[in-house]
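I have placed the structure first, in the form of structure tokens, so that the comments after it can refer back to it.
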Amino acid sequence: MNKIKLIILREYLTRIKKKSFIVMTILGPVLFAAMMVVPAWLASMEDTDMKNIAVVDSSGIFINKIPDTDYIKFEYLENKSINEIHKDFSKSDYYAVLQILPSITYEPSAVHLFSDKQTSFSVKSHIASAMEKELKNRKLRAHGIDEEILNSIKSDVSIRTIQWTEDGIKESSTEVAMIVGYASGFLIYFFIFLFGAQVMRGVIEEKTNRIVEIIVSSAKPFQLMMGKIVGIAMVGLTQFLLWILLTTAIITGAKAVFFPDLGTKNAQEVVAQDLFQQQNLAQVEQIQPQELDKVAQIFNSVKSIDFGVIFGSFIFYFLGGYLLYGSLFAAIGSAVDNETDTQQFMLPITIPLILGIFVMMNAIQTPDSPVAFWFSIIPLTSPIVMMVRIPFGVPYWQIALSMGLLVITFLGSVWLAGKIYRTGILMYGKKVNYKEIWKWLRYKS
């Protein structure tokens, strides 16, 4: 056991001191935070330049019907043609000229917006929505239909999912569970490949540099294999936790700088305010109370999710999946002399992982189906599939069975990989195939 500890310590200290580890540990959170903060910051930026728009309405329908905003003002011109305005446009303070033709009532494209620059999307959207509303009201009046009656006919159905539990009832959300499950499963899939490949490259590097010849003389292959896999697992877990801490710190700092008002309001108020801010004046009136009720339901559903169980399960399956596949990647690394030769052995390892992703898609739709159940129990796919099922609610005996089989399979794979490692790590210059590896597995210790 002391030898395993020494090997773990060596692997851990060697790797965390590498420049690549330090760079990725810092760069990763910066990129993650940028992907979340930058789009939100850009979306929150408002165009505060005043825009005066001249309106030439030949139809006479929209005079004083397009509302002004804080930064968009409309000036209705009579007895002036587009050509006359165009001549003096460069000298005027107009941002654009809106021309509405008489055929607007039956020809939707009978609207032109002239300018000497590319007009903004917000301006076009505001004008279009205001005109659409006025045309709709005009047609309703022509047919003698009251707009309030028409609005009262519209019915939105919002299904609230409620679970019966031993403690009573709790509100849940299928959509939130899908997002949490998919994100967890995909992260595990990504990190298994990322850190599993590190194990394989580390073994190949030691084999190429003949370092292992010294190490193998003082420790058993199983000890070497276990120490290397666990050591790199600790490196991966350290990096993962640092990513979480640094990303949270960066996002918190960015929120304080770019969104200082966010901390003084609760989440529902912020979302509701953003919903109104993103709509122009013509659209705000169309927002129904059900819209805000849906927002409230989402936040209540998020609160009902047991993130403690999900986080604990994620850490277990993250480590368990990595340790299982890490031992297989290490076995491949010990059997070859360079990364080019690994391709023929990668297929049997990658197939279960890719299959797990496909089953994950099915499990999101039907988490209790036989396919989802069995693939969440089978150790080679359980780290991905079970993490998708857990947010939907899984009996504890299924989780315990899945975890137990994963641990047993990991120990068995380390033992088998150790037998391959023992022979392959000292073999140089020979092309290895599956038949040769089968012989190594049959050698007596």
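What follows is calculated from the coordinates using simple rules that are stated; it is not laboratory data. Treat the numbers as computed from the prediction; the structure is a model and nothing was measured. So basically every Cβ, Gly included, is an ideal-geometry build from the backbone, and we count neighbours across all protein chains shown.
Sorted on the mean count of surrounding Cβ atoms within 10 Å across their residues, most packed first, peptides 180-189, 324-333 read 324-333, 180-189. Descending by average beta-carbon neighbour count within 10 Å, the peptides 76-87, 411-422 line up as 411-422, 76-87, the highest first. Calculated FRET efficiency, residue 3 to residue 358, Cβ-Cβ distance, R0 = 45 Å: about 0.65 to the nearest 0.05. The spacing between region 340-366 and region 375-396, judged by their C-alpha centroids, is 15 Å. The charge dipole of region 51-145, taken about the Cα centre with unit charges on the Cβ atoms of Lys, Arg (+1) and Asp, Glu (-1), comes to about 300 debye, rounded to the nearest 20.
Could you calculate the contour length gain from residue 154 to residue 368, that is, 0.36 nm times the residue separation minus the distance between their Cα atoms, to one decimal place in nm? If you can, show how the numbers build up before the last one.
Details: separation 214, 0.36 × 214 = 77.04 nm, distance 3.55 nm.
Going from the current span to full extension adds 73.5 nm.
Rounded to the nearest angstrom and listed largest first, the equivalent-ellipsoid semi-axes of region 335-421 from its Cα gyration tensor are 29, 17, 7. Packing order of peptides 53-62, 399-408, 230-239, highest average first: 230-239, 53-62, 399-408 (average count of other Cβ atoms within 10 Å over each peptide's residues). With a Förster radius of 41 Å applied to the beta-carbon distance between residue 439 and residue 20, the computed FRET efficiency rounds to 0.65. Spin-label model, residue 30 to residue 63: label points 7 Å out along the Cα-to-beta-carbon direction sit 6.0 nm apart. The charge dipole of region 355-445, taken about its Cα centre with unit charges on the Cβ atoms of Lys, Arg (+1), Asp and Glu (-1) only, comes to about 760 debye. Let me know the whole percent of all Cα-Cα pairs from region 51-145 that are separated by more than 21 Å. Percentage above 21 Å: 31.
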